[in-house]
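The values are calculated or read from the model by the stated rules, or taken from the named source; none is laboratory data. Keep in mind that what you see is a predicted model, and the values were worked out from it rather than measured. Positions of Cβ are backbone-derived with ideal geometry, glycine not excepted, and every protein chain shown enters the neighbour counts. Areas reflect the complete protein model, heavy atoms only, side chains present, ligands, DNA and RNA absent. Shrake-Rupley method; radii C 1.70, N 1.55, O 1.52, S 1.80 Å.
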Amino acid sequence: MINRWKIFSYPMSSEQKVLEHVKSKLLEVEQDSIVVLPEYLAYTEENSRQALTALIDICQSKNISVITTLNLVPPTLPHAIKDVNYNVLTIVTKEGKVHTPQAKITPQSFERVQYQPRFPKMNVGDYNYLNKVTVEIDGAEFSVFFVICSDVYCLMAGVEKKEELKADYCIVPGNFGNGAEKAVRRTLERFREAGLFQTTIFSNPYQNIKDASQTPLVKEATEMIELDPTRSIKELTDWDRIQLVKENVAVYPDEQVPSFVHMTNLTAMDEGRMTVGMSRFPVVVQLGSYAEVIRL
């Protein structure tokens, strides 16, 4: 079953160039593959609709499933507000069926508000639910939490009872700034050690740098790691979760981070930190579920 999973990255570029790059990679994968892409294959509404149409066509023709996020008014998101667009987890199955079981809980400041015309217009809504999803793979059912980028923070602080986070998979489509990918890996490892997640999957894009002396805004991360059955379970206490926040999260006043580039000024702090705007830092996450079984 594991070889059905394909964890892909892509180089940061314009939305159209990213889509063309991803389409070319998807055309090369074997049928029945389950492809996990980073967050925001497209981040504006118009290009997200175009990307979704392209994904449906490719998934049907190649007989594959694809997981990413798009800026859409979601058709199947539980508890969605009517006509509100979200940074929504988008799964297209090999039959071309579209599922939107989760949306981003902690959108960054520049996702929520377009501060200046020169920055992309996203204006996505806030979401307050973390939904457990059931997927079917090769006739077997598995529980999954899809945790969109900085929503990794919600694992540390947004959900009161950590036992309710237990799942077979935790899948993180990310678009983390340089350094933050290390904070994600530390956090996911700690949750695996505690036996809360059996398998974690993480995908992040990357930036091509022509000048080797420069630091990329984003570093590639593509990984799928299973819990080591030979290791003893290491309890994750409430204090441990607080420490994860202290060591791995940077909180900022929203208006001081009007773009992705501004955000990356924070992610390289210390040993790497993911960012959360003050407007979403106090969020209380409600656990929910997605009613339909998604057949990948």
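So here's what we get for this one:
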{"quantity": "From the options Gln256, Gln243, residue that is over 28 Å from Lys161 (Cβ atoms) and modelled with pLDDT of 95 or more", "calculated": "Gln256"}
{"quantity": "Selected residue (criterion: least open to solvent (accessible area, probe 1.4 Å)) from residues of region 199-216 that are of a type in the set (A, V, I, L, M) and modelled with pLDDT under 95", "calculated": "Ile209"}
{"quantity": "Matching residues in region 144-198 - criterion: being closer than 21 Å to Ser279 by Cβ and open to solvent by 20 Å² or more (accessible area, probe 1.4 Å)", "calculated": "Ala157, Glu160, Asn175"}
{"quantity": "Of the criteria (1) open to solvent by 20 Å² or more (accessible area, probe 1.4 Å); (2) over 14 Å from Cys154 (Cα atoms); (3) not β-branched (Val, Ile, Thr), which one Leu287 fails", "calculated": "(2)"}
{"quantity": "Matching residues, region 260-278, being touching a residue at least 40 places away in the same chain (Cβ under 8 Å) and acidic (Asp, Glu)", "calculated": "Glu271"}
{"quantity": "Residue in region 34-50 that is hydrophobic (A, V, I, L, M, F, W, C), on the phi < 0 side of the Ramachandran plot and open to solvent by 10 Å² or more (accessible area, probe 1.4 Å) present", "calculated": "no"}
{"quantity": "Residue satisfying condition, being under 20 Å from the mean Cα position of the chain (by Cα) and of a type in the set (A, V, I, L, M, F, W, C), within set Leu236, Leu296", "calculated": "Leu296"}
{"quantity": "Number of the exception - Asn63 against (1) of a type outside the set (A, V, I, L, M); (2) open to solvent by 30 Å² or more (accessible area, probe 1.4 Å); (3) modelled with pLDDT of 95 or more; (4) over 22 Å from Ile201 (Cα atoms)", "calculated": "(4)"}
{"quantity": "Gln243 being open to solvent by 50 Å² or more (accessible area, probe 1.4 Å) and polar (S, T, N, Q)", "calculated": "no"}
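Yes or no, residue by residue, for (1) assigned to a loop (DSSP other than H, G, I, E, B); (2) under 21 Å from Tyr10 (Cβ atoms); (3) within 18 Å of the chain's Cα centre (by Cα):
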| residue | (1), (2), (3) |
| --- | --- |
| Ile209 | yes, yes, no |
| Asp228 | yes, no, no |
| Ser232 | yes, no, no |
| Leu244 | no, no, no |
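Here is a yes/no grid of residues against (1) touching a residue at least 40 places away in the same chain (Cβ under 8 Å); (2) farther than 22 Å from Asp168 by Cβ; (3) surrounded by fewer than 18 Cβ atoms within 10 Å (Cβ to Cβ):
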| residue | (1), (2), (3) |
| --- | --- |
| Asp57 | no, yes, yes |
| Lys82 | no, yes, yes |
| Pro101 | yes, no, no |
| Ser109 | yes, yes, no |
| Val135 | yes, no, no |
